[in-house]
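As structure tokens, the structure follows; a few thoughts come after it.
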Amino acid sequence: MKRTIDAESLAEAERILNSPLPLPAELPSSIELTASLSMLEKDTAYSIQNRPVPPLWTKVGNDAVQAYYRANADHPMADDDRARARRRAAFQILVLARQSPTTFTVPNMTSLHACLFDCDASVRHDLLRAIAFVGSRTSAPAVKELIEHEPESETVLAMATVVHKRLKS
């Protein structure tokens, strides 16, 4: 089922893309970029291969989500420290994309496209923002696929719609 995004959500996504980022004292290195992408790509593959966690916004509630995590301790979102590390990695990728886009090689972009299907909406959102800065028309099919299959987040869907439009122009 194709969902539609209202104009207000699209305008907010545009505003976020055009807003300055809080920059770290030092930019992540290309080695950190590779490590971040590798971690996220591995976790994305795991979450695609395994039953997805019930979205928090459904009627299943937090008890069902916590029970799922206890039963699936290897899930990327099961451990709070790991989830924070993954979100930090996605933000580092975003910062590097905005400040040093030439760092992104073809293999980096292939990994970045694969990671768009991560189980964490926050990670997907930051990676979409990164693609807005370093992507090209070759990124459009992955973003379009995310638009078609975004499982839960209206914010991610709005960002993907805006990024896809930019890539196509």
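Computed from the coordinates by the stated procedures, all read-outs in this text should not be read as laboratory data. All values derive from a computational prediction rather than experimental measurement. Ideal geometry is used to build each Cβ from the backbone, glycine not excepted, and the neighbour counts take in all protein chains shown.
Couple of notes before you dig in:
- Selection among Ser139, Val95, Tyr46 by position relative to the dipole of the chain gives Ser139 as farthest towards the positive end (Cβ unit charges, Cα centre).
- Near Gln99: Cβ cut-off under 15 Å, other residues only, Lys/Arg at +1 and Asp/Glu at -1. The net charge is -1.
- Loop-located trypsin sites (Lys or Arg not before Pro) in the stretch 62-169 (DSSP state other than H, G, I, E, B) with a sparse environment of at most 14 neighbouring Cβ atoms within 10 Å are absent.
- If you run the Gaussian network model on the chain, springs between alpha carbon atoms under 10 Å, then out of Pro107, Pro28, Pro151 the most flexible one is Pro107.
- GNM flexibility winner over the chain from Ala78, Ala67, Ala121 (Cα, springs under 10 Å): Ala67
- Pairs of alpha carbons in the chain separated by more than 19 Å make up 55% of all such pairs.
- The per residue volume of the convex hull around the alpha-carbon atoms of the stretch 79-118 is 63 Å³.
- Only the Cβ atoms of Lys and Arg (+1) and of Asp and Glu (-1) were treated as charged; on that basis the dipole of the chain about its Cα centre amounts to roughly 400 debye.
- Sorted by Cβ density within 10 Å, fewest first, the residues Met77, Met159, Met39: Met39, Met77, Met159
- Taking the chain and dividing mean pair separation by its residue count, relative contact order in percent (alpha carbons under 8 Å, at least six apart): 28
- Between Leu27, Leu116, Leu146, the Gaussian network model of the chain with springs among Cα atoms under 10 angstrom shows the greatest mean-square fluctuation at Leu27.
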